[in-house]
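Visitor: My structure is below; once you've seen it, I'll send some questions.
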């Protein structure tokens, strides 16, 4: 008994197998789609100098000054806000805060005898809205609303 296989059928079979193998190979070699604009550290886009427009919500007194935001080395979600509430002047007093998504938390902390706490929300890469309270040791409490812009 002799098997009669035409050369045309053999060519089709080989072509079909090669096409399937090439499809699998090409599909497996697709380029990863990592966004090179995404920073390795989510805090990177918030570091630098910011202009703070602060309003004391109790007295309606407005104040504009510069705040510097940097990354805290101890924790990968913490930020350092130097000259927060304009308390630093030419010295390096700062407030510690934590970044989580688009929220910034300012836990209660003592700065030059005042208790400061508050929160912020990131409106854009160039705008942060803050509300915070400053309790002074003499019993005065001031509440602030501030907009940071870059």
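Readers should treat all values here as calculations from the given coordinates under stated rules, not as data from a laboratory. All values derive from a computational prediction rather than experimental measurement. Glycine gets a Cβ as well: all are built from the backbone with ideal geometry, and neighbour counts include every protein chain shown.
Visitor: Report the relative contact order of the stretch 44-149, percent, no decimals, based on alpha-carbon pairs under 8 angstrom and at least 6 residues apart.
Guide: 23
Visitor: Pop a pseudo-label 7 angstrom from the Cα along the beta-carbon direction at both residue 61 and residue 105 and give the gap in nm to one decimal.
Guide: Inter-label distance under the simple model: 3.1 nm.
Visitor: Would you mind computing, in nm to one decimal, how far apart the modelled labels at residue 51 and residue 72 are, each placed 7 Å from Cα along Cα→Cβ?
Guide: 2.9
Visitor: Rg (Å, one decimal) plus Dmax (Å, integer) for the alpha carbons of the stretch 38-150?
Guide: 13.4, 46
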